[in-house]
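Have a look at the structure below, then the notes.
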Amino acid sequence: MVELRLHLLASQTNPGLDLGGLHICVVKMMACTVSEDINLNKSGPSPIRNLIMVAPKVEIAKKKSNLLYLILGGVAFIIFFVIAISFYLGVLPLPHKPQFILEDTTLCGLKFSAPNLLTCNLQVTLSTRNPNTNYLISIEKPDVRAFYQNQQITVATELPRTYLSPKNSIKWPSFLYGNDVPITPHAAANLMVDLNDGILPLDIKVDAGLKWKISSFTSGKYRLTVNCRADISLGGQNNGTSFELGTKYVLEQPCKVQIENN
C-alpha cells in the first residue's frame, strides 16, 4: 500500500469559502483511490487540507518471477540450439567407432578326434584404437572367443575394462582354449576338408559394452561386437590329426565393428 499525503493551504482571503463539515469519502482517479476528510473553518488558523492517495497492490514479485522463468527458458533453448547446430555442422562431430586389428595368432594346440571333438588352444593379440579427436571411449567387460563356422570352440576370456583417450591405442594379448569341444557333423566334415588343405579358418570375436565421453557428458551404454577373421596356415601334419604348434602367424587383419543399442 502506497500512501501519498498532500498538504494544501486554503486561502484566508476568501471569506466566502466555507467547507466546514464537508466530507469527501472516495474519489477514484485513474488507478488510484483518493480518500479525504476536509474540515475547514473560517475562524481558525490557515486551514490545511490533508489529501491521502492510496495505490492498489501490484504483484511485482510474481511478475519478476515469471520474467525470470522466461529468461531461463530462453537461455536453455539457445544453448540446446547451438549444440544441435554444432553437431550438424561438424564443430562437435559425432563419435566414431573404435578400430580393431587382429595383430597375430599363435597356435598352441590343435587336435580333432572322434566323435567330432575339437581341441583348439591359441594365443591372439588384438589392438584397438580410438579414432576420435574429442571423445574418450570406455570399453566395459570385453571378452574374446574363437569360432569355427559360427560354433564357439573356446571358452570366453574376459579382459579388463579399457579406457581409450582420443587418438590412443592399446593391445590385448589373450589366451583362448577349448578342450574336446563337440561340433556338429556338418562342421566336422568341413573341418576335415580345411585341415587337409592346410588352413584353419577361425573367427575371433569380441563382445563388450561401450560408452563415449566428452567433457562431463557420458553417453548411454551400447553393445560392441567385433569380428576378426583369422585364416591360419598350418604346418606339417602328424598322423593326420595333429599339427605343428608354437608358430606365430602375423596377420594384421582389420576387424568388422558393430555398435548396437544395449
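The table for this structure:
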read-out	value
Residue identified as touching a residue at least 12 places away in the same chain (Cβ under 8 Å), farther than 30 Å from H96 by Cβ, crowded, with 16+ Cβ neighbours inside 10 Å and not charged (D, E, K, R) among L251, L200, L159	L200
Contacts under 8 angstrom Cβ, first residue in the stretch 119-144 being under 27 Å from D180 (Cβ atoms) and not assigned by TED's automatic domain parsing to the domain that holds L107, partner at pLDDT 95 or above and part of a strand (DSSP E or B), 6 or more apart	none
Filter result (under 30 Å from H186 (Cβ atoms), in a loop (DSSP other than H, G, I, E, B) and at pLDDT 90 or above) within the stretch 78-117	N116
Residue ID - nearest to N132 (Cα to Cα), chosen from residues in the stretch 156-187 that are in a loop (DSSP other than H, G, I, E, B) and in contact with a strand residue (DSSP E or B) (Cβ under 6 Å, 6 or more places away or on another chain)	S165
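The values are calculated or read from the model by the stated rules, or taken from the named source; none is laboratory data. The shown structure was predicted, so the numbers you read here are calculated from the model rather than taken from an experiment. For neighbour counting, all protein chains shown are included, and Cβ atoms are generated from backbone atoms with ideal geometry for every residue, glycine included.
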